[in-house]
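The values are calculated or read from the model by the stated rules, or taken from the named source; none is laboratory data. Just so it is clear, the model here is predicted, and its values are computed rather than measured. In this analysis, Cβ positions are derived from the backbone assuming ideal geometry, glycine residues included, and neighbour counts consider all displayed protein chains. Note: accessible area is taken over every heavy atom of the protein model, side chains too, but ligands, DNA and RNA are not part of it. Shrake-Rupley method; radii C 1.70, N 1.55, O 1.52, S 1.80 Å.
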Amino acid sequence: MEYTDKNGLAGLEKALVARFQGGDTAAFSGLADLYKDRLHQFILCLLGPDREAEDIAQEAFVQIYKSLPSFRGTSGFGTWAYAVTRNVCRRRLRERGRDAVLFTEERETAADDVPQSGPTQELALESAETRALIRAEIAALSPVHRSVIFLSCWERLSYAEMAEALEIPVGTVRSRLHNALAALAARLKVLAEEEKI
Amino acid sequence: MNCLTNAELLDRLFGEAAPESSKETHLAACPACRGRLAALKAATAAASSVQPTPVSEDFTARLMARIGEEAAPARARLGAGFLDRLRPRELAFAAGALALLTFVYFKAGGGPAERAQVLLVMTDGPATPAAIAAPPSPSAAGPDGVLLSDFCVTARCGL
Ligand SMILES: [Zn+2]
């Protein structure tokens, strides 16, 4: 399923935010329904497989609930919610005594280091088996690459929105996204050559 | 041959920049650039086909219950107006001050009869002292004579 009706969802989302800010706190459950899987997936991108991912998602929503009254709407709700979620993940890592180094690439890979080719044939994306293999290849990427791929390919955020959600400059968004897609393309090429997809 | 930069390829793929005719001409003539663009396109299509991992079905119900627990009872018990004005650190300080005052009232008094003449009452506003008719039972106080009100107990838990 792709978001074919992003504009429709954006309208609903705006209306829910306005209702909540107008005092109808029950409207928050609508926002949670719209975003629960997406924030959960973003957490999995940042942390990898994590048995507390759902609990962290709950914590992120509680934080969003508390902060939403002061949300000014200068950015989209989603962009802002991703930034809040990212900070909740960072805090959870610190509580676990783990360095939040996952959130930055130690060295932004120079663009020329990245292989520049991908699978030569069309992928059978409607096949569940192919999708499972693709999912595994994405999971094998770094947290930084998984996050930009999710926000861009699934969430369809613009460079500027991604920059805001990830708190990085637009130029960094571009280089990360290029490198992430090139890394995924190289992995898919191997799978295709092995005739797995 | 001026091949497209990675950023230019990406901008073209995501429609973040208006197409330039010189770049389009180059793309049409350069198999290397077309190959790079096709690789990025294939990766984007593949990534777009993978759905987010869904949460449990009762996620929203549990979330709303959790929000209700964390927000509503505390507000009802303590008074929203007072609570809203305090940050966690101030709340802890207020709790400490209240515990100390309670301690002083009970410790300073002589016999059980004179022990508590005044109790701090929490309302929808700052704590205010109020006279009470009967002193609280001494058994309600801890071993050091400190009687913790519901508020103190709650605040001690780090609410
Ligand atoms: Zn070229």
**Item:** Residues of segment B:8-39 satisfying the condition of being of a type in the set (A, V, I, L, M) and within 14 Å of the ligand (Cβ to nearest atom)
**Value:** B:Leu9, B:Leu27, B:Ala28, B:Ala29, B:Ala32, B:Leu37, B:Ala38, B:Ala39
**Fill in**
Looking across segment A:130-144 at residues that are free of Cβ contacts under 8 Å to residues at least 12 places away in the same chain and not hydrophobic (A, V, I, L, M, F, W, C), the single one that is least open to solvent (accessible area, probe 1.4 Å) is A:Arg131
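Scan segment B:23-41 for residues that are within 7 Å of chain A (Cβ to nearest Cβ) and open to solvent by 20 Å² or more (accessible area, probe 1.4 Å) and jot them down.
To start, the set of residues in segment B:23-41 that are within 7 Å of chain A (Cβ to nearest Cβ) comprises B:35-36, B:38-40.
Once the filter is applied, which keeps residues that are within 7 Å of chain A (Cβ to nearest Cβ) and open to solvent by 20 Å² or more (accessible area, probe 1.4 Å), segment B:23-41 yields B:Gly35, B:Arg36, B:Ala38.
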**Item:** Residues that are open to solvent by less than 20 Å² (accessible area, probe 1.4 Å) and either of a type in the set (Val, Ile, Thr) or part of a loop (DSSP other than H, G, I, E, B) (or both), drawn from segment A:145-177
**Value:** A:Val148, A:Ile149, A:Glu155, A:Val173
**Request:** Could you check, for segment B:51-61, whether at least one of its residues is modelled with pLDDT of 95 or more, surrounded by 12 or more Cβ atoms within 10 Å (Cβ to Cβ), more than 8 Å from chain A (Cβ to nearest Cβ) and within 37 Å of the chain's Cα centre (by Cα)?
**Result:** yes
**Message:** Among the residues of segment A:76-86, are any modelled with pLDDT under 95, surrounded by 16 or more Cβ atoms within 10 Å (Cβ to Cβ), outside any helix (DSSP H, G or I) and not hydrophobic (A, V, I, L, M, F, W, C)?
**Reply:** yes
